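The values are calculated or read from the model by the stated rules, or taken from the named source; none is laboratory data. Since this is a predicted model, take the numbers as computed values, not measurements. Positions of Cβ are backbone-derived with ideal geometry, glycine not excepted, and every protein chain shown enters the neighbour counts. Remember, those area values only see protein heavy atoms, side chains included, never the ligands or the DNA or RNA. Shrake-Rupley method; radii C 1.70, N 1.55, O 1.52, S 1.80 Å.
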Amino acid sequence: MARAKIALIGAGMIGGTLAHICAREALGDVILFDIAEGTPQGKGLDIAEATAVFGQDVALKGANDYADIAGADVCIVTAGVPRKPGMSRDDLIGINLKVMKAVGEGIAKHAPEAFVICITNPLDAMVWALQKFSGLPKEKVVGMAGVLDSARFAYFLAEKTGVSVQDIHAWTLGGHGDDMVPMVRHSTIGGLPLPDAVKAGFLSQADLDAIVERTRKGGGEIVALLKTGSAFYAPAESAIAMAKSYLLDQKRVLPCAVWVSGEYGLSDLYVGVPALIGASGVEKVVEFTTDESEKAMLAKSVDSVKGLIEACKQQDPSLA
Ligand SMILES: NC(=O)C1=CN([C@@H]2O[C@H](COP(=O)(O)OP(=O)(O)OC[C@H]3O[C@@H](n4cnc5c(N)ncnc54)[C@H](O)[C@@H]3O)[C@@H](O)[C@H]2O)C=CC1
Ligand SMILES: O=C([O-])CC(=O)C(=O)O
């Protein structure tokens with residue numbers, strides 16, 4: 001079988017990391033696309049030279065022309081700008097919405113059959129705009145945030161309790177902002193829902209509350225440390241998990257920003273929910289039971305996403 005073709009739109013910190021993982025895992029041949037001349041070519045060549053060390057026969061190519069993404073099976077979009085300390089993700093709309101227009105049109109023209117994973121922030125609004133600008137089927141355009149948010153939640157729980165990250169399953173719902181909803185009742189340590197894990201003495205309620213808060217602000221914590229940009233290793237790994245589920249038809253259930261049509265009482269927007277990803281793209285949305293407090297938190301998070309979508313429509317009336 002021919003190798004898959006993976007187009008990385010944006011060859012910055014996350015794009016370069018994605019290319020490295022794609023090559024090491026031989027997920028497919030990689031096109032690194034960027035508007036910056038030399039950056040995608042340089043990163044592509046650097047990683048291509050590394051393939052002779054780790055022994056994978058994959059091709060990597062840098063490009064500044066959308067024609068090079070032709071026929072891509074997967075496009076992972078990180079084009080745009082990241083935030084710096086003192087900024088919120090929402091402050092990026094002005095620049096990144098314009099980038100999504102160019103990227104959406106490029107993908108529509110050259111890779112309309114691709115499964116598209118958007119990472120650019122503010123995530124829920126940018127994936128919504130990317131789907132509109134590209135006109136690709138909604139089940140083939142998804143946003144990466146929940147895999148990252150729930151990975152942070154799981155890691156903090158593992159760090160606090162000493163239990164292997166492999167036996168912690170954490171879930172978050174909602175938009176990728178500080179009011180995201182870590183799902184305490186549905187997340188488990190060794191199979192125990194977190195309230196039971198507290199009763200069993202794995203961690204205290206105060207520890208759990210602090211971890212929920214730290215998860216919500218996890219992106220900002222890294223921005224404050226790095227000072228020049230935002231997280232890139234964990235975001236890249238998270239998008240790779242989604243790409244693999246599509247390419248290998250793994251049918252994993254992963255928290256992703258997907259188009260909702262009635263699930264959780266929501267419709268006509270992109271928001272983070274558990275989604276089954278297989279060869280057809282988003283094949284199913286999994287609906288957790290939600291109690292009154294979870295419903296209220298989700299509603300607040302969704303309101304933030306709706307506000308961002310309104311801001312996009314005001315900036316670009318073609319989206320209205
Ligand atoms: N959804 C999530 O969970 C996360 C989202 N992000 C977001 O991902 C985005 C990328 O982050 P990084 O890779 O760290 O940024 P970066 O600045 O290292 O890379 C962005 C790249 O996009 C390129 N670019 C800018 N305009 C472009 C255009 N019109 N067409 C093609 N390429 C273009 C730039 O030249 C640059 O190489 C940011 O918006 C950031 O906020 C970052 C972490 C997590
Ligand atoms: O916080 C940021 O700006 C980048 C991001 O979305 C994350 O790391 O969760």
* Asked: Ranked highest first by the average count of other Cβ atoms within 10 Å around their residues, in what order do 293-299, 223-229 fall?
  -> 293-299, 223-229
* **At q = 0.19, 0.25 Å⁻¹, base-10 log of I(q)/I(0) for segment 36-127 (Debye sum, equal scatterers on each alpha carbon)** => -0.99, -1.23
* To do: Pull out a ≥ b ≥ c, the square roots of the eigenvalues of the alpha-carbon gyration tensor of the chain, then state rounded if a/c is under 1.5, prolate if not and a/b is larger than b/c, and oblate in the remaining case.
  => prolate
* Does anything in segment 28-65 have its amide N under 14 Å from the 7 Å Cα→Cβ label point of Arg3, and if so which residues? -> 28-32, 44-62
* Report the relative contact order of segment 102-247, percent, no decimals, based on alpha-carbon pairs under 8 angstrom and at least 6 residues apart. => 21
* Asked: With Cβ to Cβ distances under 10 Å as the rule, what net charge do the other residues near Ala231 carry (K, R +1; D, E -1)?
  -> 0
* Structure fact -> Under a Gaussian network model of the chain whose springs join Cα atoms within less than 10 Å, the largest fluctuation of Pro85, Pro182, Pro122 belongs to Pro85
* By per-residue mean of other Cβ atoms within 10 Å, what is the highest-first order of 308-316, 4-12, 58-66, 70-78? -> 4-12, 70-78, 58-66, 308-316
* Asked: Nearest 20 debye, what's the magnitude of the dipole of the chain about its Cα centre given +1 on Lys and Arg Cβ and -1 on Asp and Glu Cβ?
  -> 180
* Each label point is 7 Å from the Cα along the Cα-to-Cβ direction; what then is the distance between the points at Ala210 and Ser280, in nm? -> 4.7
* Structure fact -> If one builds a Gaussian network model of the chain from Cα atoms under 10 Å apart, the most fluctuating residue listed among Met144, Met87, Met183 is Met87
* **Carbon and sulfur %, accessible surface of the chain computed with the full protein complex present, 1.4 Å** => 54
* Accessible area (Å², 1.4 Å probe, nearest 10) - Asp207 -> 50
* Sum of side-chain charges, Ser245 neighbourhood, beta-carbon under 9 Å (Lys, Arg +1; Asp, Glu -1) -> +2
* Asked: Taking only C-alpha pairs under 8 Å that are 6+ residues apart, what is the relative contact order of the chain in percent?
  -> 16
* **Too-long pairs where the Cα-Cα distance tops 18 Å, listed order kept, from Lys132/Lys300; Lys217/Lys284; Lys98/Lys132** => Lys132/Lys300; Lys217/Lys284
* For the chain, what is the accessible area per residue in Å², given a 1.4 Å probe and the full set of protein chains? -> 43
* Report the residue, chosen from Leu157, Leu18, Leu130, that carries the largest GNM mean-square fluctuation when the chain is represented by alpha-carbon nodes joined by springs under 10 Å. => Leu157
